[in-house]
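Undergrad: Handing you a structure now.
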Amino acid sequence: MESSWLNFHDLAIRRNRCCFKRFVVAAIIGCCLTFLSRHVMVQQLETLESTEFRKFIFMKTHKCGTSTVENIIFRFALKNELNIVLPEEGSYLSRDELFDHNSLNTTKWKDLNFDIFALHNRWNKIEVLELLREDVPTFTIIREPVEVFESLFHYLDPKLKNFYGVQDIHDMVRTIKNATLSDVVEKRYLRHIGRNQIAWDLGISPDLFDNETAITEEIERLDHEFHLVMIANRMDESLILLKQLLNWPLQNVVHLDLNRRKPEKSSKLSAAEKKVLEKWLAADVQIFQYFSRRFDEKVAEFNWKYSTSPAGRLDVDSAIKRQTQLLEEANSQLYDRCVISEVGNEELVSKYKTYNDNIMGYSINEEQEDCGLYVMSERSFLSTFRDLLLSKITTTSSVFKWF
């Protein structure tokens with residue numbers, strides 16, 4: 001009886017030991033699997049972080065250096081054969097109304113999958129996402145508002161002078177100073193060019209232009225809708241932050257400055273005149289001041305993240321300086337390699353000539369194969385992209401017909 005009990009007890013001990021060993025083995029295997037899983041996850045994240053974004057949204061504003069940014073985007077899209085959101089003709093996706101994705105329904109390429117949204121429009125993110133079908137990096141660029149209006153006024157000379165019935169921009173300032181809200185200065189040329197151009201482009205109603213509280217609420221909305229708001233007055237820093245956002249190499253943002261006004265198409269405004277314009281452009285000033293502060297924060301974050309200083313990080317502004325210096329050097333090398341001379345737009349021909357003769361362009365060394373892309377006009381790029389979209393439609397149709 002006692003022997004049977006001992007045998008049973010011994011068997012129980014062996015079983016417990018066996019179960020314990022199995023538990024230990026299972027635990028070790030579980031730990032290994034967890035470690036491997038985390039290792040794979042880390043690798044996937046590192047791969048994601050090192051992969052350049054090929055799908056994104058750029059809200060193109062007026063007279064904020066957007067031609068330069070657009071050229072950067074177009075070169076990238078052409079290299080990778082990406083689908084740009086395009087209207088049937090022209091370069092605007094909307095003018096006086098907020099963008100509506102249904103406006104693309106009349107295009108031959110309406111059923112294609114789009115990669116990049118980058119043309120002029122009145123901002124309406126919900127509708128833009130209807131086209132791209134996923135949340136992607138979203139960015140825009142703004143500029144000091146008085147500079148924006150002065151640039152618009154001279155870029156569209158003499159059209160804006162005639163529209164507002166003034167002799168020059170100084171007369172325009174006098175007219176604004178003596179105007180009431182119902183006067184001619186509230187009208188928009190071609191229904192989309194005029195007062196508070198930045199706010200207008202970003203989809204803010206003119207009914208809110210003189211309501212500081214409402215503009216603050218709109219700014220908060222925009223801050224949530226854009227991953228990056230670049231500042232044209234700090235273009236090189238802006239492009240460094242853009243390449244970080246899109247995980248691009250520096251080479252992708254190397255550029256020539258495009259769409260610059262001729263020297264004679266400019267006016268020096270007095271401090272008093274600037275004050276008048278700042279008051280009239282209060283909504284744009286409010287937007288610019290807010291996003292200038294946000295830009296400073298993003299630069300500080302970049303410097304902190306990429307600083308190579310010791311643990312104390314005393315030189316916390318060194319990272320952005322190093323990157324902008326590298327970009328300046330690369331831009332200078334591009335200029336030396338590609339530019340023969342700077343000339344008026346009227347002297348350009350073919351694919352390099354743009355819409356407006358009030359600006360400067362570049363005579364390019366065409367023996368260098370890629371130089372032409374850095375100065376190609378928007379019109380020429382859009383023609384190329386339309387052909388690319390049409391070719392993809394033809395290819396898709398042929399495949400379905402064959403099946």
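The values are calculated or read from the model by the stated rules, or taken from the named source; none is laboratory data. The shown structure was predicted, so the numbers you read here are calculated from the model rather than taken from an experiment. A quick note on method: Cβ atoms are made from the backbone with ideal geometry, for glycine too, and the neighbour counts reach across all protein chains shown. For the accessible areas, the whole protein counts, side chains as well, though only heavy atoms, and no ligand, DNA or RNA atoms are used. Shrake-Rupley method; radii C 1.70, N 1.55, O 1.52, S 1.80 Å.
Undergrad: Out of the residues in segment 125-146 that are under 19 Å from E70 (Cα atoms) and touching an Asp or Glu at 6+ places or on another chain (Cβ under 7 Å), state the one that is most open to solvent (accessible area, probe 1.4 Å).
TA: Once the filter is applied, the top-ranked residue is K125.
Undergrad: For E186, all conditions in the list (1) open to solvent by 30 Å² or more (accessible area, probe 1.4 Å); (2) touching a residue at least 40 places away in the same chain (Cβ under 8 Å) hold save one; what is the number of the exception?
TA: (2)
Undergrad: If I go through segment 352-382 residue by residue, how many of them are under 20 Å from N252 (Cα atoms) and part of a loop (DSSP other than H, G, I, E, B)?
TA: Looking only at that region, the number is 6.
Undergrad: Those residues that are closer than 15 Å to F58 by Cα and open to solvent by 40 Å² or more (accessible area, probe 1.4 Å), I need them from segment 245-264; list them, please.
TA: If the condition is that a residue be closer than 15 Å to F58 by Cα and open to solvent by 40 Å² or more (accessible area, probe 1.4 Å), then L245 is the only one that fits.
Undergrad: Of all the residues that make up segment 324-334, how many are under 20 Å from E369 (Cβ atoms) and open to solvent by less than 40 Å² (accessible area, probe 1.4 Å)?
TA: Here the count works out to 3.
Undergrad: For segment 102-132, which residues satisfy the criterion of being assigned to a loop (DSSP other than H, G, I, E, B) and closer than 20 Å to L245 by Cβ? Explain how you work it out, then say what you get.
TA: To start, the set of residues in segment 102-132 that are assigned to a loop (DSSP other than H, G, I, E, B) comprises 107-115, 118-119, 121-124.
Answer for segment 102-132, where residues must be assigned to a loop (DSSP other than H, G, I, E, B) and closer than 20 Å to L245 by Cβ: F114, D115, A118, L119, W123.
Undergrad: Do we have F99 as over 16 Å from the mean Cα position of the chain (by Cα) and in a loop (DSSP other than H, G, I, E, B) here? It would help to see each step written out before you state the result.
TA: Working: over 16 Å from the mean Cα position of the chain (by Cα): yes; in a loop (DSSP other than H, G, I, E, B): yes.
Considered against the rule, which asks whether it is over 16 Å from the mean Cα position of the chain (by Cα) and in a loop (DSSP other than H, G, I, E, B), F99 comes out as yes.
Undergrad: Could you go through segment 335-351 and let me know if any residue there is open to solvent by 20 Å² or more (accessible area, probe 1.4 Å), of a type in the set (D, E, K, R) and either touching a Pro at 6+ places or on another chain (Cβ under 6 Å) or not in a helix (DSSP H, G or I) (or both).
TA: Yes, that holds for at least one residue.
Undergrad: Of the conditions (1) modelled with pLDDT of 95 or more; (2) charged (D, E, K, R); (3) assigned to a loop (DSSP other than H, G, I, E, B), D157 satisfies every one except a single condition; which number is it?
TA: For D157, the failing item is (1).
Undergrad: List pairs: first residue in segment 359-372 and among the β-branched types (V, I, T), second residue open to solvent by less than 20 Å² (accessible area, probe 1.4 Å) anywhere in the structure, Cβ distance under 6 angstrom, at least six positions apart or on different chains.
TA: I359/N345; I364/C338; I364/C371; I364/G372; I364/V375
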